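No lab work stands behind these numbers, since they all come straight from the coordinates. Quick caveat, the model's predicted, so the values are computed rather than measured. Using ideal geometry, Cβ is built from the backbone for each residue, glycine included, and neighbour counts are taken over all protein chains shown.
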Amino acid sequence: MQRLYPYGVFRVGTDVYLTFDDGPIPEVTPKVLAILDKYQVKATFFMVGENIDKHPEVFEQVVRAGHSIGNHTYNHLKGWRTSHEEYMANVTKWENAFNRQLIVNRQSSNRQLFRPPYGKAWFGQRYALHKKGYRLIYWDILTRDYDHSVTPQEMLANIQRNTRPGSIINFHDSLKSNERMLTVLPQAIEWLQAQGYTLKAL
C-alpha cells in the first residue's frame, strides 16, 4: 500500500490512533468528546472547513480538549474528481477557516496533518500537499461506521481482528455514523486498553 501511495502514512510506531472524519457538528462531535474524556483518550479530528465555519463553538471544544486537528479540505472534495488547482485552493480555504478560529479562540497550533476525503487524491495532489508540509494520514482500519449494512458488532469485530501496533482507526463524527459509531466507540476503547494499547493523537 505504501508503494501505491507515496507520502501516505497508514501506521505509526507502536501505539494506536483513533481518528474522526467530517466534523465538527453539534449533533455528534460533543458526544465523541465526552466518550474520549471519560476514558482519558486523545484523538485526531480531520475536520471539514465548512463545518469549522458553521460550528465554531464545537471546533473550540475540540481544541480546548487537547485533541489534534487535521485538514480534510473545505468542502470534502474527492481528489479524483477535482482539478489540481481547485483541490489545492480548497485546501488553502480550509487553512484560512482554521486560522480564523484559532485567532478568535486565542489558541495556537502547528499541526500539519491532512487526510484526503474518501482517501482519494491524485499523485500530483499528494505531492503538492507533501511539499506544502503536510503529513498525509490514511488508515489501516476503516470502521465503515457510515455504512448501515455493517452492524455495530461487525464494526467492533473488524477492530478486534485487525488492530496491531501502530494502527490508525478511521471513525466519522457525522450524522451518517452517529448512534452506530457512538455505540462502538466506547466498546472499542475498552477492548484496546484491555489489550495494553496506548491510544494517542497524531
Expressed in nanometres to one decimal, the distance between label points 7 Å along Cα→Cβ at F10 and E85 is 3.4
Long-range alpha-carbon pairs in segment 121-187, meaning those over 18 Å apart, account in percent for 48
Restricting to lysines and to Cα separations under 23 Å from K200, and discarding same-chain partners fewer than 8 apart, the set is K31, K38, K42
Ignoring trypsin sites (Lys or Arg not before Pro) buried by more than 11 other Cβ within 10 Å or outside DSSP loops, the longest site-free run in the chain is 4-105
For the chain, the dipole about the Cα centre with charges only on Cβ (Lys and Arg +1, Asp and Glu -1), to the nearest 20 debye, works out at 660
Matching label for the computed Rg/Rh (Cα atoms, Kirkwood Rh), out of (i) 1.08; (ii) 0.94; (iii) 1.14, is (ii)
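Using a Förster distance of 30 angstrom, determine the FRET efficiency expected from the C-beta separation of T92 and R164, and round it to 0.05.
Approximately 0.25, to the nearest 0.05.
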Site K54, offset 7 angstrom along Cα→Cβ, radius 17 Å on amide nitrogen, limited to segment 15-32, gives 21-31
Sequence order, segment 140-152: Karplus ³J(HN,Hα) from phi using 6.51 cos²θ - 1.76 cosθ + 1.60, θ = phi - 60°, Hz rounded, Gly and Pro as x, gives 10, 10, 9, 6, 6, 5, 7, 9, 6, 7, 9, 7, x
Here the FRET efficiency for L102 versus K176, based on Cβ atoms and R0 = 30 Å and rounded to 0.05, is 0.60
Residue span H148 to Q193: 0.36 nm per residue of separation minus Cα-Cα distance leaves a gain in nm of 13.5 nm
